[in-house]
Every structure is written in C-alpha cells, then in structure tokens.
C-alpha cells in the first residue's frame, strides 16, 4: 500500500508481475525506518535477556549479566548502539549520536509488538529466532540479529551458507501422489503452462510453469508418492 504506483492509483491487473517479476520477498524500507526497527529489536531483546537472567535453579557462580552495548543487523544493514533503561522504556543511542526513545509493554512470547519509537507508533509481527527475531511490518520481512559486540566480531568471520538454487526445478509443494504428467522431456513450456498434477488430501493440485523454458529431465512418474520438496522435473 506504500508503493508509489498504488498510492497514485496508476495500477493495472499486471501490477504485481510488472513490479515484482521475481516474486515479492519483502518491501525495502528507508534508512530511518530501519533504525527505528533496530532500536525496537534491541529493546525487545534486552527484555528477553533479562527474563532469561531471572530463571531460577541456575548453577552457582554462573550469574547471567545483561549488557548495554549491542550490534543489530537487519539483512545487510548493521547498527551499533547502546541502551539506557528506566521504568517506562529505553533510550537507544546509535554509534554517531542519534538517540531514539523506545516504549512498549511487549513481553517474550507475544507475536505482536506495539511500540512507540522516536515518538511515533511502530507495530511489528514477531517470531523468535536464535539471537534475535523475525520482524514483519509495512510490507518488510526482516531477520533481526541482536548480538554483543564480541558476538558480532566473531559472526563476521563465519562463512555464510548459501541456499541451494532451485530456480530450474519443479518441486513437490506437499506430500502427495503424481496423478498425471502433462509434458515430456525436451518440451518447450510457457509461463502458466500445466506441468503435472499432484493429488494430496483428496484434492488435485495442478502445478504450472513459472516462466518459459525447456524440460530437461523428468524425475517422477504417474503413481509416484512424493515428499515435500521432492524434485519432479528439471529445466534447462
């Protein structure tokens, strides 16, 4: 809804295909909005850390201390900041001097966070991840990692595992049975063309080509039982 074409009303039924030809993976937010989300993530993470520090039954001489200096990453964006807290919220100061006030009643376990950040409201869908959160708001889908400076220093030395390229594969979207193949090896296919039918939970699901291409190999036959993400066919 924030997209300039949507706001202006200059849209057609081809809007999604024209603006997101590779699929929609989340809106890109301006720097100022990323800073607000980073401040919120740091404040929320500190609440979670304090809760963990108060868990009973800990070993003696293993007291957990919650620091004030943090590094927040949102995708490629990186923010170094420190927190000063009081009864009503936290003052988040970024490396460089900018400060944002964060106030919220969010508690760990809640999937919706309503915050005031920099005197403006911010609402985020929250899922917990190791060392942070998955945060969704205003069309953006962000993985927020909140680390101590030492953790961030070590994380920078880690090799990033790249996800496998599945762009040339047709994968089975759910456990099911292949009931029909509508193409053969060597066939040229067009975007939207039917490729095969998979029956799951007594429903037939017609799988179609996402783009133009040529069928290089077919790895399944009619009657095969397939698991999720099993490869049905490969394209050139």
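The values are calculated or read from the model by the stated rules, or taken from the named source; none is laboratory data. Model, not experiment: these values are computed from the prediction. Every residue, glycine among them, receives a Cβ derived from its backbone with ideal geometry; neighbour counts consider all protein chains shown.
In the set 123, 117, only one residue is surrounded by 15 or more Cβ atoms within 10 Å (Cβ to Cβ) and assigned by TED's automatic domain parsing to the domain that holds residue 47; that residue is 117. Residues in segment 204-226 that are closer than 22 Å to residue 164 by Cα, over 30 Å from the mean Cα position of the chain (by Cα) and in a loop (DSSP other than H, G, I, E, B): 219, 220.
The set of residues in segment 156-170 that are within 12 Å of residue 235 (Cβ to Cβ), surrounded by fewer than 14 Cβ atoms within 10 Å (Cβ to Cβ) and over 20 Å from the mean Cα position of the chain (by Cα) contains only 168. Could you check segment 156-186 and list, in sequence order, the residues that are touching a residue at least 60 places away in the same chain (Cβ under 8 Å) and not in a strand (DSSP E or B)? Within segment 156-186, 168, 172 qualify. Regarding residue 229, is this residue within 30 Å of residue 101 (Cβ to Cβ), exposed (fewer than 14 other Cβ atoms within 10 Å of the Cβ) and under 23 Å from the mean Cα position of the chain (by Cα)? No. Restricting attention to segment 72-107 and to residues that are within 19 Å of the chain's Cα centre (by Cα) and either touching a residue at least 12 places away in the same chain (Cβ under 8 Å) or not in a loop (DSSP other than H, G, I, E, B) (or both), the residue that is surrounded by the most Cβ atoms within 10 Å (Cβ to Cβ) turns out to be 72. When segment 187-203 is filtered for residues that are under 22 Å from residue 228 (Cα atoms) and assigned to a strand (DSSP E or B), the ones remaining, listed by number, are 194, 195, 196, 197, 198, 199, 200, 203.
Among residues of segment 22-36 that are more than 30 Å from residue 167 (Cα to Cα), those with a Cβ under 7 angstrom from a residue that is modelled with pLDDT under 95 and surrounded by 10 or more Cβ atoms within 10 Å (Cβ to Cβ), sequence gap 6+ or separate chain, pair up as 36/118.
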